[in-house]
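Asker: Have a look at this one before I ask anything.
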Amino acid sequence: MSVGVWILAAYTPLTAAAAGSDLLGVAPRTGRAAGLAAAGLGAAVASYTAALISDTAVPAWHDGHRELPFLFVSSAAAAGAGFGLLVAPRSEVGPVRRLAVLSAAGELVCEPLLERRLGMVAEALHEESARRRLKAAKALTVAGALGALASRSRFSGAALLAGSALTRFGLFAAGMASARDPRYTDEPQRERLAR
């Protein structure tokens, strides 16, 4: 069985128990314990996809194996904060706004680090489809963070959700572009052999 399945097998019932306890108002201690345990697994759920795609032969993903998990966790936290900003009552969004700003900053810091790590393979991030998506993602993430600072919760939430999705789609497009061009595999291998 895959590690991801084991993570989800633990995370899903814990999340359901926490949500059920909160919605139904029963077993508050059990619900709180389940929520804390699910929160502990949250980083694994958010980063596992990055670990999984980094363990492939796709150059843009494999070569970014150190930064992708941090980028995915930041992006997932931004999306979670965005969802919270959309659905939470205005009186309760203070902590979610702080999470939105911190996670957006994390995402905006991790992407240039990924690009630097990739070296010449980073050209795949600037291929037409990937470039458009990543540029839109960055603009939406910045807008979402600024909106959170300015207490524009609904706008900020929608921007962060869309920015997170476009980050993933942009990285997917960059990976596909790097896999299609043999230059992204051959040249880095030759450089490593020459060293």
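The numbers here are math on the coordinates, done by the rules we state, and not lab data. Keep in mind the model is a prediction, meaning the values are calculated, not measured. Note that each Cβ is placed from the backbone with ideal geometry, even for glycine, and that neighbours are counted across all protein chains shown.
Asker: Top mean-square fluctuation among Arg117, Arg183, Arg154, Gaussian network model of the chain, C-alpha springs under 10 Å?
Answerer: The residue with the greatest mean-square fluctuation here is Arg183.
Asker: If you rank Val45, Val26 by fewest surrounding Cβ atoms within 10 Å, what's the result?
Answerer: Details: Val45 18, Val26 10.
The most exposed by this proxy come first: Val26, Val45.
Asker: Please go through the range 1-94 and write out the trypsin sites (Lys or Arg not before Pro) that DSSP classes as loop and that have at most 15 other C-beta atoms within 10 Å. Mind dumping the intermediate values first?
Answerer: On the way: sites: Arg29, Arg32, Arg66, Arg90; in loops: Arg66.
Those satisfying the criteria are Arg66.
Asker: Neighbour counts of other C-beta atoms within 10 Å: give me Ser151, Ser54 arranged from fewest to most.
Answerer: Numbers: Ser151 12, Ser54 18.
Ranked by crowding around the Cβ, least crowded first: Ser151, Ser54.
Asker: Once every Cα of the range 1-45 carries one equal point scatterer and solvent is ignored, give the base-10 log of I(q)/I(0) from the Debye formula at q = 0.14, 0.28, 0.32, 0.34 Å⁻¹, two decimals.
Answerer: -0.31, -0.88, -1.03, -1.11
Asker: Dividing the alpha-carbon radius of gyration of the range 85-186 by 2.2 N^0.38 Å (N being the number of residues), what value is obtained?
Answerer: 1.23
Asker: Would you please report the Å³ per residue occupied by the convex hull of the alpha carbon atoms in the chain?
Answerer: On the way: hull volume 23.4 nm³, N = 195.
Taking the convex hull of the Cα positions in the chain, it is 120 Å³ per residue.
Asker: So, one more: Magnitude of the Cβ-charge dipole of the chain, K/R +1 and D/E -1, about the Cα centre, nearest 20 debye?
Answerer: Working: 21 positive and 15 negative charges, 104 e Å.
With Lys and Arg at +1 and Asp and Glu at -1, about 500 debye.
Asker: Let's see if you can work this out: charge +1 on each Lys and Arg Cβ, -1 on each Asp and Glu Cβ, no other charges. What is the dipole magnitude of the range 85-185 about its Cα centre, in debye to the nearest 20? Please report the intermediate quantities before stating the final value.
Answerer: Values: 15 positive and 8 negative charges, 51 e Å.
Approximately 240 debye in magnitude.
Asker: While we're looking at this one, here's another question. Just to confirm my numbers, what's the Cα centroid distance between the range 61-119 and the range 170-192 in Å?
Answerer: 25
Asker: While we're looking at this one, here's another question. Specify the residue with the greatest mean-square fluctuation among Gly163, Gly40, Gly119, computed from a Gaussian network of the chain linking alpha-carbon atoms under 10 Å apart.
Answerer: Fluctuation is largest for Gly40.
Asker: Could you calculate the contour length gain from Leu146 to Gln189, that is, 0.36 nm times the residue separation minus the distance between their Cα atoms, to one decimal place in nm?
Answerer: Numbers: separation 43, 0.36 × 43 = 15.48 nm, distance 4.17 nm.
Stretched fully, the Leu146-Gln189 segment lengthens by 11.3 nm.
Asker: So, one more: Whose amide H sits under 5 Å from the amide H of Val58, counting only residues 5 or more places off or on another chain, with H placed in the peptide plane?
Answerer: Here the answer is none, since no amide H 5 or more places off falls under 5 Å of that of Val58.
Asker: Apply the membrane-span-like helix rule to the chain: whole DSSP H runs, Cα extent along the own long axis of at least 18 Å, mean Kyte-Doolittle hydropathy at least 0.5. List the helices found.
Answerer: On the way: long enough: 3-24 (32 Å, 1.30); 28-54 (39 Å, 0.80); 68-87 (28 Å, 1.83); 94-118 (37 Å, 0.40); 128-149 (32 Å, 0.22); 153-180 (40 Å, 0.75).
Helices meeting the span and hydropathy rule in the chain are 3-24, 28-54, 68-87, 153-180.
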